[in-house]
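Remarks on the structure that follows.
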Amino acid sequence: MGKMHVKLTVNGRAVEALAEPRTLLIHFLRENLELTGPHIGCETSHCGACTIDLDGKSVKSCTMFVAQANGADIVTIEGIAHADGTLHALQEAFRQHHGLQCGFCTPGMITRAWRLLQENPNPTEEEVRYGISGNLCRCTGYQNIVKAVLAAAHELSAVKEAAE
């Protein structure tokens, strides 16, 4: 099969490459761009380990072709931290509140929660649980993940209020 020219913005950086149109976006990110934060889990969109942010929406990159993402603006877990390398409040909250154990689901979980907090900066516990329900964790039981998201929401709100 012939390759197509794809242009993307990934974590704020313009990217151009040749890829087979049938290449899954998760494979393109991991193999072509060496962004190994998004994980390959189920490859059926059930687990959410491959979750990225594409044009302002959470997307499971294991069920999307790179051709479908041509021209898109993508944020992966690697793009959530601050430019100086310091952790985003959400990443720090996962660390502080033990929102991870084995870490396999963590990149997708944080990326989804990052979008959730942009859509709803002050979610309730129920809204967090619903908002991350498309991402599975087999280790934590979710309690500390929910605590981490709520703590990050509180921290981000405090920072926003202080800036205003």
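Brief remarks on what is shown
- Residues that are under 14 Å from Leu8 (Cα atoms) and open to solvent by 50 Å² or more (accessible area, probe 1.4 Å), drawn from segment 24-59: Asn32, Asp55
- Count - residues of segment 121-154 that are at pLDDT below 95 and open to solvent by 80 Å² or more (accessible area, probe 1.4 Å): 1
- Conditions (1) assigned to a loop (DSSP other than H, G, I, E, B); (2) open to solvent by less than 40 Å² (accessible area, probe 1.4 Å): number failed by Gly2: (2)
- Of all residues making up segment 5-60, the number that are of a type in the set (Asp, Glu), over 16 Å from Gly71 (Cβ atoms) and in a loop (DSSP other than H, G, I, E, B): 3
- Residues of segment 86-95 that are surrounded by 15 or more Cβ atoms within 10 Å (Cβ to Cβ) and outside any loop (DSSP other than H, G, I, E, B): Ala89, Leu90, Gln91, Glu92, Ala93, Phe94.
- Qualifying residue in segment 36-56 (condition: within 17 Å of Thr140 (Cα to Cα), at pLDDT 95 or above, in contact with a strand residue (DSSP E or B) (Cβ under 8 Å, 6 or more places away or on another chain) and among the hydrophobic types (A, V, I, L, M, F, W, C)): no
- Positions within segment 132-145 being under 16 Å from the mean Cα position of the chain (by Cα) and under 17 Å from Gln91 (Cα atoms), in sequence order: Ile132, Asn135, Cys137, Ile145
- Residues considered: Ala72, Ala83, Ala49, Ala148. Of these, the only one that is under 20 Å from Thr36 (Cα atoms), small (Gly, Ala, Ser) and in contact with a Phe, Trp or Tyr (Cβ under 8 Å, 6 or more places away or on another chain) is Ala49.
- For segment 60-75, filtered to residues that are of a type outside the set (A, V, I, L, M, F, W, C) and surrounded by fewer than 24 Cβ atoms within 10 Å (Cβ to Cβ), the residue that is nearest to Ala49 (Cα to Cα) is Thr63.
- Restricting segment 76-85 to residues that are touching a residue at least 12 places away in the same chain (Cβ under 8 Å) and in a loop (DSSP other than H, G, I, E, B) leaves a set whose member that is surrounded by the most Cβ atoms within 10 Å (Cβ to Cβ) is Thr76.
The values are calculated or read from the model by the stated rules, or taken from the named source; none is laboratory data. Computed from a prediction, not measured in an experiment: that's the story for all the values here. Cβ: placed from backbone, ideal geometry, glycine included. Neighbour counts: every protein chain shown. Note: accessible area is taken over every heavy atom of the protein model, side chains too, but ligands, DNA and RNA are not part of it. Shrake-Rupley method; radii C 1.70, N 1.55, O 1.52, S 1.80 Å.
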